[in-house]
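Notes to accompany the following structure.
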Amino acid sequence: MTRPSESETLDRPIARSPEVADEIKTTTCYMCACRCGVRVHLKDGRIRYIDGNPAHPVNRGVICGKGAAGIMKQESPAKLAKPLLRTGPRGSNEFREIEWDEALALAADWLGEVRRTDPKRLAFFTGRDQSQALTGWWAEQFGTPNYAAHGGFCSVNMAAAGLYTIGGSFWEFGEADFERTKLFVMFGVAEDHGSNPIKLGLAKLKANGARFVSVNPVRTGYSAIADQWIGLRPGTDGLFIGALIGELLRADRVDFDFLARYTNAPWLVIDAPGTAEHGLFARDADGRPLLWDGQRNEAVDAHVAGSSPRLAGAVVLADGRRARPAFELLAERFLGPEYLPEAAATACGIAPEVIRSLAAEMARVAFEETITLDVPWTDWAGRRHDKMVGRPVSFHAMRGISAHSNGFHTCRTLHVLQMLLGAIDCPGGFRYKPPFPKPVPPPPRPGGRLGEVRAGEKLAGGPPLGFVQGPADLLVDADGTPLRIDKAYSWEAPIAAHGLMHHVIRNAWAADPYPIEVLFLFMANMSWNSAMNIGETLKMLTDRDPVSGDYKIPKIIYADAFASEMVAYADLVLPDTTYLERHDSISLLDRPISDPDGPADSIRRPVMPLDRDVRPFQTVLLDLGVRLGLPGLVKEDGSAVYPGGFPDYMVNHQRRPGIGMLAGWRGPEGDQHGVGAPNPKQLDAYIANGCFWHQKFPESARFFKHANRDYLEIAARMGYIASPDPVIMQIYSEPMQRLAAQGFGPVQPPDSERARIQRFFDPLPIWYAPLEGEALAGQDFPMAAITQRPMIMYHAWDSQNAWQRQILGENRLYLARSTADRLGIAEDDWIWVESHAGRIKGQVRLMEGCNPDTLWTWNAIGKRAGAWGLDPAAPEARRGVLLNHLISDLLPDGRRGNCDPVTGQAAWYDLKVRIRKCDAGEEAMSAPQYPDLKPLPHAKPRPGILSYGAWFRRRRENA
Ligand code: SF4
């Protein structure tokens, strides 16, 4: 090509600052779960580019690669375009397009028959959506207890353990004080579960010279910039943390003052083995817990300020009963031999010195490098403090430590470590984000107890999800049979705070504990990357009754925006919009975007017009509610309470008087925040403010929220908590005392569950080896297998996104180089990976930063050929792999769920495998391969290259 001469270049007008957009609309990103504020730059009605909103509290202008690639989500050939009714057998992908009237009438007909007869025959489960404040409320109005979102197979162990221990947790519940922390320890974090906010935080702590320690079997993502990487064996985090606690206790490096003031460490625990009160708190006549006042030498009300609590030593109460402070029991446990560094290190696959030195460092930073803010504050008892003193050690953790069968106790152990260091909601430590902290455990209790599910009525007893405080709250019948289809809140998973979505299909197929009529799923790819053991799941979705010939799961309604693998298994498909085409509310009633200094929420609003016959799922759900005549959705005359669909609901629905989906600009004049009557102009106010609302607490209310009078009064006023009482953290969890398993109390487990409850319920954290490995002991499955999430993708939605696919279009199986050498495996070799449940074939990549007993791969890259609008020969289908084919929803005994026995959380990361090199001549293609899915009726021919931007160039050139 001939270059233009200098004179030619100079003669040609150069547009030095071309106008790239004629309109900029703010909204909230949905390319991952962080909910950053974005600006969508539009030119001639099309998206030119997306960048971060500099004013937004979550990302302060930062955009990540995923967020910028939202354009290609909008351009995706996989977008559904019209309601679909199945015409061929399930799985054939044979549908006919139908009109919305027909689709909604049919759905209302199916659902109406269920509600009129027995509402629990509807199982309504949603995936990684952000509408749980609506969907949970809708299920309650429908009257079914069989509702949950995706938390049960994500990180419910993290959430439940936090809420049963400190009244909060990580991520939406709280975060490290990145501004001030001096030692930050991160456990098993996937980058999508804290993307821009964590990146900003890490940048800050690096700039401040703080130390960053990453504990993760694999050194990817954030671990790459860690000052220290501790590559534990998967599933041993709880033992590692317990050993740190043991070291702190042995060295007497514990914040006793924090424990005495803010936790139940001094509460007296009755010591009366073999009786109905053993292990419960000693209480006064009003039921208030007691502690031993060392100065008065008597038991006193633990809730009254000014006592001198004793943390150790057996005491005899006035009535002759013996009791010991909870702290002494805790110390006894973690000073045990199994938590000695030598013992723990062997199981964790690290050197004992790693434990000793990290414990010593934590103690040094917490107790010798304290941070003092000259900010006076007043505690709940009215005591004035002239400073805020903080212990600058902080933590963050997510699915890595929670998606194990021992995850609940592991997460609780981590929170106990935080308490021992006194590093909760203090400068430099972990900080709660409002509306947290909540009372421990929080209200409400789950609705749907015996007699609370009634034909044609709203669910009595409250919303379907809640927090069990004892056997009386379980959803079981008189003989212990579960009342929910997923068996949540039964003796099999008593503290199932988020439900057990991963058990729904098997239980519905097996009619265990009862058959259902309609399975209604939203955005949950349960036939592929959200399924445990895909092959089995597909059989259950397509299995028919041998006598009637009907499907064993009679009706499946599925709502999604894209042609995922699950669409093929639905009977009726309700197409959703993209996140750029609808309203959403990121609500304080759900999963808000608050930061530790104050509450925040936000909205999405349509920035692009619809170009196909799809509807926002939330509006569809409200429409169905009207057709079904659900309470709260229809007036007495049968007309809709929210005729304007979801935007109308966002503004006008009140959960309690004055409290609705959005906290900003309430009241008739729009000048009230938090609580106030609906404001018809509320959405305009959000849009004028960049689609978010954020309020900062006064400085005196920003730390020690669990005990800070200013904060507690604000929180009670805003409706976060019922009263301004302090939140008392629970090192000893009374609801976990398993007296029922020992035969005490009116609600008894079936004999088949007794030993299990006795083993896995304990008021103090315990550690046990992950259950799949225990069951396979002695068999040849020597390695662990886990997934990691790539920074550039979020779940399966992104592995169909043209830009993100260019970075990661296929996934390798990663091994430590030393392990590969030992097994005679080289870079790029193809290998078979086998578990007790199945086998997969994939290609190897070697690395240094991997625990030698661990194989890992990127999550949710592998696709079924023909799905997601991709070419059947796409690398995701032919070279991509999923560990899901290896993971069973059942333990190897085939009877118990492969999950945490406390919460029911799916134990994705307990997987044990063996590997072998493929034989020479085996095809270089991933396995298993399922038959290609046919294109959907409306599918346009796939472009060979999905180009973007040519339209703008052509328009420019033609201008
Ligand atoms: S971090 Fe997540 S929410 Fe934020 S811009 Fe990236 S994809 Fe969007």
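Any read-out appearing in this document is the output of simple, stated calculations on the displayed coordinates, not a laboratory observation. Keep in mind that this is a model prediction, so the values were computed, not measured. With ideal geometry, Cβ positions are generated from the backbone for all residues, glycine too; neighbour counts draw on all protein chains shown.
Rounded to the nearest whole angstrom, the semi-axes of the ellipsoid equivalent to the range 260-400, taken from the Cα gyration tensor as √(5λ), stand at 32, 26, 12, largest first.
Post the alpha-carbon centroid distance, the range 626-654 to the range 168-197, in whole angstrom. Here the two parts' Cα centres lie 39 Å apart.
Excluding residues on the same chain fewer than 8 positions from Lys539, give the lysines whose Cα lies under 25 Å from its Cα. Here the lysines satisfying the reach criterion relative to Lys539 are Lys120, Lys487, Lys552, Lys555, Lys841, Lys863, Lys912, Lys934. Modelled spin labels at Gln295 and Asp374, positioned 7 Å past Cα toward Cβ, are 3.1 nm from each other.
Its Cα gyration tensor gives the range 190-231 an equivalent ellipsoid, and the semi-axes of that ellipsoid, as √(5λ) in whole Å with the largest first, are 16, 14, 6.
Site pair Asp512 and Asp871 shows an inter-label distance of 4.4 nm when each label is modelled 7 Å from Cα along Cα→Cβ. If R0 is taken as 56 Å, the Cβ-Cβ distance between Arg288 and Ser548 corresponds to a FRET efficiency of 0.45. Only the Cβ atoms of Lys and Arg (+1) and of Asp and Glu (-1) were treated as charged; on that basis the dipole of the chain about its Cα centre amounts to roughly 1260 debye.
The distance linking the range 696-710 with the range 438-464 is 32 Å (Cα centroid to Cα centroid, whole angstrom). Per-residue Cβ neighbour counts within 10 Å put Thr135, Thr144, Thr542 in the sequence Thr542, Thr135, Thr144, beginning with the fewest.
Along the range 21-29 the Karplus relation, 6.51 cos²θ - 1.76 cosθ + 1.60 evaluated at θ = phi - 60°, assigns HN-Hα couplings of 9, 10, 7, 10, 10, 8, 7, 10, 5 Hz to successive residues, with x for each Gly and Pro. Treating each Cα of the chain as an identical point scatterer and summing with the Debye formula, the log10 of I(q)/I(0) at q = 0.10 Å⁻¹ comes to -1.24.
Scattering from the range 592-703 was approximated by placing one identical point on each alpha carbon and applying the Debye formula without solvent; log10 I(q)/I(0) at 0.15, 0.21, 0.22, 0.23 1/Å stands at -0.75, -1.18, -1.23, -1.28.
Residues Thr126, Thr481, Thr236, Thr819 in ascending order of nearby Cβ atoms (within 10 Å, fewest first): Thr481, Thr819, Thr126, Thr236. When Rg and the Kirkwood Rh are both derived from Cα coordinates, the Rg/Rh ratio for the range 851-936 amounts to 1.04. Straight Cα distances below 27 angstrom link Lys681 to the lysines Lys25, Lys635, Lys696, with same-chain residues fewer than 8 positions distant left out.
Full extension of the chain between Lys940 and Arg612 yields a length gain of 116.8 nm, computed as 0.36 nm times the residue separation minus the alpha carbon distance.
What order do you get for Asp425, Asp613, Asp584 when you list them from fewest to most C-beta neighbours inside 10 Å?
Fewest-to-most Cβ neighbours within 10 Å comes out as Asp613, Asp584, Asp425.
Between Phe367 and Thr87, the FRET efficiency from the beta-carbon distance, with R0 = 51 Å, is close to 0.15.
Within a straight-line Cα-Cα reach of under 12 Å, Lys204 can be paired with the following aspartates and glutamates, leaving aside sequence neighbours fewer than 8 residues apart in one chain: Asp177, Glu179.
For Asp319 and Arg656, compute 0.36 nm times the residue count separating them, minus their Cα-Cα distance, and round to one decimal in nm.
Using 0.36 nm per residue and subtracting the Cα-Cα distance, I get 116.9 nm.
Extension gain for Met847 to Ser357 (0.36 nm times residue separation, less C-alpha to C-alpha distance): 173.8 nm. Between Ala305 and Val675, the modelled label-to-label distance comes to 2.2 nm, taking each label 7 Å out from Cα in the direction of the beta carbon.
Convex hull volume per residue, computed on the Cα atoms of the range 120-168, equals 87 Å³. In whole angstrom, how far apart do the alpha carbon centroids of the range 246-281 and the range 95-109 sit? After rounding, the separation between the Cα centres reads 59 Å. Cβ-Cβ distance of Arg717 and Asp751, R₀ of 56 Å, FRET efficiency by 1/(1 + (r/R0)^6): the value works out to about 0.70.
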